[in-house]
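The values are calculated or read from the model by the stated rules, or taken from the named source; none is laboratory data. What you are looking at is a predicted structure, and each value in this text was computed from that prediction instead of being measured. All Cβ positions, even for glycine, are placed from backbone atoms using ideal geometry, and neighbour counts span all protein chains on display.
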Amino acid sequence: MEQEKFTYRIAYYTGTGGTKIVAECMADTLKEQGHLTELEVITTGVHIKELTFDRLIILFPVHAFNAPDSVYRWIDNLELVDKIQTTAISVSGGGEVFPNKACRISTIRKLERRGYEVTYEKMIVMPSNWVVAIPDPISLMLLDVLPSKVKEIIRDVSFGVRLRSKPNLFNRCFSRMGEIEKPAARLLGRYIKVDSTCNGCGKCSRSCPADNITMESNRPHFENTCHLCLRCLYNCPQKALKLRIGNFIVLKEGYHLEELRKQLPIIDKVDIEELTKGIMLSGVRKYLLEL
Ligand SMILES: Cc1cc2nc3c(=O)[nH]c(=O)nc-3n(C[C@H](O)[C@H](O)[C@H](O)COP(=O)(O)O)c2cc1C
Ligand code: SF4
Ligand code: SF4
């Protein structure tokens, strides 16, 4: 039986590029199956494309057990619709374990208020961009397994499989508490420190998804809209930017997704159990072993 073809809108927010890779992989997979797909980047939350599609897939990186603020704003700006089939994908460094388990709840609730019927939700794991770096062989594995993880999601969504999670109260409370990260992000982003190596190139200002950086006398000036996505901190060619408080969340070795991708495909066998020992990587281990 021939599968029905749809126009999919894939809307995604990304800080350091991980969610963009997932969104593009989804678009390629849908196109291979003959569907029409349009990608939309969520930045400040304002809609930049006309809202004409049959199905919506929304993707966001997990920030403090939730979605970034602009994802909520993007949803709040949607027109009311009548039951558009929707898929919500969170992308995290930690996986579907406590305290991430309730990270899609607020997003889904908001979508449902606008008339979007969320029938499917899932977590994709990508190399983490904050606090603890994942060992390179494991990061490579995460990139390597992405196409098969995405194929599974697209197959389920195409065949109308329903997948909704029911996080317990404990996870939900934690997720609620995580919302405090949003005002904290705005505050930390207001006071990002620029050291003397800054050459005034303006790259940080041009690429900030939150429009948080303006150039004044060849120096970046930070406003009050930061999402703490870390893009400017990792991508500054001079490494001139630092958080005044909480700089431990920025990986000392930097974040190099594109360089890692060039090392694919994996040739050597990876001992997943050995390299993901311990509680911090338990969600990554679970994700890779459930293949
Ligand atoms: C401010 C901030 C908060 C984060 N919070 C979480 C979290 O609560 N759980 C988690 O597993 N990963 C967390 N991460 C890691 C990201 O979700 C992960 O690296 C994701 O792949 C980043 O996607 P991006 O490259 O599209 O921005 C956080 C990252 C940042 C910058
Ligand atoms: S990207 Fe770095 S060097 Fe360029 S203006 Fe921004 S802080 Fe300065
Ligand atoms: S100021 Fe930097 S960390 Fe904040 S949203 Fe812009 S790019 Fe991201």
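Return the residues of the range 40-55 that are more than 12 Å from ligand 1 (Cβ to nearest atom), in contact with a strand residue (DSSP E or B) (Cβ under 6 Å, 6 or more places away or on another chain) and closer than 16 Å to ARG73 by Cα; say none if nothing qualifies. Explain how you work it out, then say what you get.
We begin by selecting, within the range 40-55, every residue more than 12 Å from ligand 1 (Cβ to nearest atom); these are 40, 43-55.
Adding the requirement that they be in contact with a strand residue (DSSP E or B) (Cβ under 6 Å, 6 or more places away or on another chain) leaves 40, 49, 53-55.
Across the range 40-55, the qualifying residues are GLU40, LYS49.
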**Request:** Restrict the check to the range 188-195 and report whether at least one residue is more than 13 Å from ligand 2 (Cβ to nearest atom) and among the β-branched types (Val, Ile, Thr).
**Result:** no
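For the range 98-113, indicate whether the set of residues that are among the polar types (S, T, N, Q), more than 16 Å from ligand 3 (Cβ to nearest atom) and either on the phi > 0 side of the Ramachandran plot or in contact with a Ser or Thr (Cβ under 6 Å, 6 or more places away or on another chain) (or both) is non-empty. Before the answer, list the steps.
Applying the first criterion (among the polar types (S, T, N, Q)) to the range 98-113 yields 100, 106-107.
Still in the running and more than 16 Å from ligand 3 (Cβ to nearest atom): 100, 106-107.
Those left that are additionally either on the phi > 0 side of the Ramachandran plot or in contact with a Ser or Thr (Cβ under 6 Å, 6 or more places away or on another chain) (or both): 100.
Yes: one or more hits.
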**Asked** Of the residues that make up the range 60-76, is at least one touching an Asp or Glu at 6+ places or on another chain (Cβ under 7 Å), over 20 Å from THR119 (Cβ atoms) and of a type in the set (A, V, I, L, M)?
**Response** yes
**Selection count, the range 135-178, where residues are over 17 Å from ILE267 (Cα atoms) and not in a helix (DSSP H, G or I)** = 10
**Message:** Within the range 237-255, take every residue that is among the aliphatic types (A, V, I, L, M) and assigned to a loop (DSSP other than H, G, I, E, B) and give me the one that is farthest from ligand 1 (Cβ to nearest atom).
**Reply:** ALA240
**Asked** Of LYS101, LYS166, which residue is out of contact with any strand residue (DSSP E or B) (no Cβ under 8 Å at 6 or more places or on another chain) and crowded, with 21+ Cβ neighbours inside 10 Å?
**Response** LYS101
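Each row is one residue, and each column tells you yes or no for (1) at negative phi; (2) without any contact (Cβ under 8 Å) to a residue 60 or more places away in the chain; (3) away from ligand 1 (no atom under 16 Å from the Cβ).
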| residue | (1), (2), (3) |
| --- | --- |
| GLU179 | yes, no, no |
| LYS193 | yes, yes, yes |
| SER196 | yes, yes, yes |
| ASN218 | no, yes, yes |
| TYR234 | yes, no, no |
**Message:** Checking GLU274 against (1) free of Cβ contacts under 8 Å to residues at least 60 places away in the same chain; (2) touching a Cys at 6+ places or on another chain (Cβ under 7 Å): exactly one of these is not met. Which one?
**Reply:** (2)
**Message:** Only one of GLU117, GLU112, GLU121 is farther than 22 Å from THR276 by Cβ, in the same structural domain as PRO167 (by TED's automatic domain parsing), among the acidic types (Asp, Glu) and within 16 Å of the chain's Cα centre (by Cα). Can you tell me which?
**Reply:** GLU121
**Request:** Output the residue which, of all residues in the range 209-236 that are more than 24 Å from GLU40 (Cα to Cα) and assigned to a loop (DSSP other than H, G, I, E, B), is farthest from ligand 2 (Cβ to nearest atom).
**Result:** ASN224
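Which is part of a helix (DSSP H, G or I) and over 25 Å from TYR13 (Cβ atoms), of GLU258, GLU274?
On the way: GLU258 fails: over 25 Å from TYR13 (Cβ atoms).
Result: GLU274 is the single residue among GLU258, GLU274 that is part of a helix (DSSP H, G or I) and over 25 Å from TYR13 (Cβ atoms).
Determine which member of the set ILE58, ILE75, ILE42 is within 16 Å of ligand 3 (Cβ to nearest atom), buried (at least 18 other Cβ atoms within 10 Å of the Cβ) and at pLDDT 95 or above. Before you say what the answer is, go through the steps one by one.
Values: ILE58 fails: within 16 Å of ligand 3 (Cβ to nearest atom); ILE75 fails: within 16 Å of ligand 3 (Cβ to nearest atom).
Unique residue meeting the criteria: ILE42.
Of the residues THR16, THR52, THR107, THR44, only one is among the hydroxyl-bearing types (Ser, Thr, Tyr) and either assigned to a strand (DSSP E or B) or within 16 Å of ligand 2 (Cβ to nearest atom) (or both); which? Break it down into steps so the answer makes sense when it comes.
Details: THR52 fails: either assigned to a strand (DSSP E or B) or within 16 Å of ligand 2 (Cβ to nearest atom) (or both); THR107 fails: either assigned to a strand (DSSP E or B) or within 16 Å of ligand 2 (Cβ to nearest atom) (or both); THR44 fails: either assigned to a strand (DSSP E or B) or within 16 Å of ligand 2 (Cβ to nearest atom) (or both).
Only one candidate passes the filter, namely THR16.
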**Prompt:** Being part of a helix (DSSP H, G or I) and among the basic types (Lys, Arg), is that true of even one residue in the range 192-201?
**Reply:** no
